[in-house]
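What follows is a set of notes on a single structure, which appears directly below.
The values are calculated or read from the model by the stated rules, or taken from the named source; none is laboratory data. Note that the structure is predicted; figures quoted are calculated from it, not measured. Cβ coordinates were reconstructed from backbone atoms using ideal geometry, including for glycine residues, and neighbour counts include every protein chain displayed. SASA here: full protein model, heavy atoms, side chains in, ligands and nucleic acids out. Shrake-Rupley method; radii C 1.70, N 1.55, O 1.52, S 1.80 Å.
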Amino acid sequence: MRRSQAWDLLTAASARLVADETSDVVNAEEYEGRWAVRMAQQARDFTTVWFEVGDLTVGYEAYVVPQPPGGHQEVFRQLLTRNHRLWRAHFSIDRDGDVFLVGRVSLAEWGEDVLDEVLGTIYEAVELSFRALLRAGFGRG
């Protein structure tokens, strides 16, 4: 698959998800060269997954929580434990200490089924981890 085909698939598939009343996808749009897919969640209001289509891969990320002020050891333990079971994405910490879900898939593998897997993985990971991460790192949730 070429880069332009991967972008076209991403935009068309996410538009179908927005139009589907049974889908948790509520918005999808291009912003500054990246594609954003916003999903309604139960554990928190929304999660936005940012997609970047490159020459060889499609990368994606979703912000989970800011750097916690405390409970770092428990937060890190939870992230590593949860990473062991995840497919299509993994928890990552950026240079500021903020927690993200990130992943990458080759253009050769990219397809609507992979997009569904990515969105499903991120949705589920946020649902299962968000409140526990808030309790461990922020003393609330």
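For the range 21-28, the count of residues that are in contact (Cβ under 8 Å) with a residue 60 or more places away in the chain and part of a strand (DSSP E or B) is at least one.
In a residue-by-residue description of the range 67-79, the property of being β-branched (Val, Ile, Thr), surrounded by 15 or more Cβ atoms within 10 Å (Cβ to Cβ) and within 30 Å of ALA108 (Cβ to Cβ) applies to no position.
Entry remark, the range 42-58: residues being open to solvent by less than 10 Å² (accessible area, probe 1.4 Å) and either among the basic types (Lys, Arg) or closer than 14 Å to PHE91 by Cα (or both) number 1 in total.
Taken together, ARG82, ARG44, ARG88, ARG77 contain a single residue that is touching a Lys or Arg at 6+ places or on another chain (Cβ under 9 Å), among the basic types (Lys, Arg) and under 21 Å from PHE130 (Cβ atoms), which is ARG44.
Of the numbered conditions (1) assigned to a helix (DSSP H, G or I); (2) open to solvent by 70 Å² or more (accessible area, probe 1.4 Å), THR11 fails exactly one; give the number of that condition. The number of the failed condition is (2). Restricting ARG3, ARG38 to those that are more than 29 Å from GLY97 (Cβ to Cβ) and open to solvent by 40 Å² or more (accessible area, probe 1.4 Å) reduces the list to ARG3.
Could you check the range 107-118 and list, in sequence order, the residues that are assigned to a helix (DSSP H, G or I), hydrophobic (A, V, I, L, M, F, W, C) and in contact with a helix residue (DSSP H, G or I) (Cβ under 8 Å, 6 or more places away or on another chain)? Don't jump to the end; show me each part of the working.
Here is the first cut: in the range 107-118, the residues assigned to a helix (DSSP H, G or I) are 112-118.
Going one step further and asking which of them are hydrophobic (A, V, I, L, M, F, W, C), we end up with 114-115, 118.
Matches in the range 107-118: LEU115 only.
Of all residues in the range 67-109, those being at pLDDT 95 or above and under 21 Å from SER23 (Cβ atoms) number 5.
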